[in-house]
């Protein structure tokens with residue numbers, strides 16, 4: 001699985017919004033600076049997030065972006081899906097829509113298991129978790145194995 005720059009930037013910007021204590025709108029420029037994200041690219045990402053109901057925007061001198069719902073009700077999976085579509089797909093198809101024959105017939109189970117594991121992480125980490133610097137114990141435990149940090 002590959003996380004696109006678009007998804008990475010979207011989650012980082014959404015986490016910044018979740019960390020805003022007073023709930024005031026945050027300008028796109030401020031979000032871009034805070035996370036070192038290209039401003040023009042972030043504008044397009046915020047448009048996607050707005051269209052998918054993750055953020056809302058407010059115009060005017062004190063305008064900017066806010067989360068459309070509480071941070072503890074928005075998962076990383078919600079944000080990634082908003083900008084990139086399905087979490088796991090193979091040849092631009094969802095695993096459940098694929099069919100394999102012969103020696104590769106069991107491969108479908110591998111792709112579905114991969115999707116289940118990606119969901120097990122991304123659907124259980126909220127923007128509130130990120131904003132407070134915590135992640136659920138089950139997710140944190142996955143990072144305790146030194147092998148998790150190595151690239152083979």
- Protection-proxy order for peptides 77-84, 134-141, 4-11, each taking the mean of Cβ atoms within 10 Å per residue, highest first: 77-84, 4-11, 134-141
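How would you rank 65-71, 100-106, 111-117, highest first, on the average number of other Cβ atoms within 10 Å across their residues? Could you put the intermediate results ahead of the total?
Working: 65-71: 17.1, 100-106: 8.4, 111-117: 14.7.
Highest to lowest by the protection proxy: 65-71, 111-117, 100-106.
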- At a Förster radius of 25 Å, what calculated FRET efficiency corresponds to the Cβ-Cβ distance of residue 107 and residue 6, to the nearest 0.05? 0.35
- Item | Sequence-separation-based contact order of the chain, relative, with Cα cut under 8 Å and 6+ spacing, percent | 24 percent
- Quick one: length gained pulling residue 139 to residue 35 fully straight, 0.36 nm per residue minus the C-alpha distance? 35.1 nm
- Task: Mind computing the radius of gyration and Dmax over the alpha-carbon atoms of the chain? Å is fine for both.
- Result: 17.5, 63
- Message: Test of understanding: express the Cα radius of gyration of segment 66-116 as a ratio to 2.2 N^0.38 Å, with N the residue count.
- Response: 1.53
- Message: Defining a contact as two alpha carbons under 8 Å apart and six or more residues distant in sequence, what relative contact order in percent does segment 1-65 show?
- Response: 35 percent
- In degrees, nearest 10, range 0 to 90: what is the angle between the Cα axis of helix 5-18 and the longest Cα principal axis of the chain? 50 degrees
- Could you give the length gained on full extension between residue 19 and residue 116, defined as 0.36 nm per residue of separation minus the Cα-Cα distance, in nm? 32.1 nm
- Segment residue 72-residue 47, extension gain: residue separation times 0.36 nm, minus the distance between their alpha carbons: 6.9 nm
- Query: Taking the alpha-carbon centroid of each part, what is the distance from segment 25-77 to segment 98-145 in angstrom?
  - Reply: 26 Å
- Task: Identify which of 55, 74, 90 has the largest mean-square fluctuation in a Gaussian network model of the chain, with springs joining Cα atoms closer than 10 Å.
- Result: 90
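Quick note: the coordinates plus some simple rules give every number you see, no bench work behind them. The model shown is predicted, which means the values in this text are computed figures rather than measured ones. Positions of Cβ are backbone-derived with ideal geometry, glycine not excepted, and every protein chain shown enters the neighbour counts.
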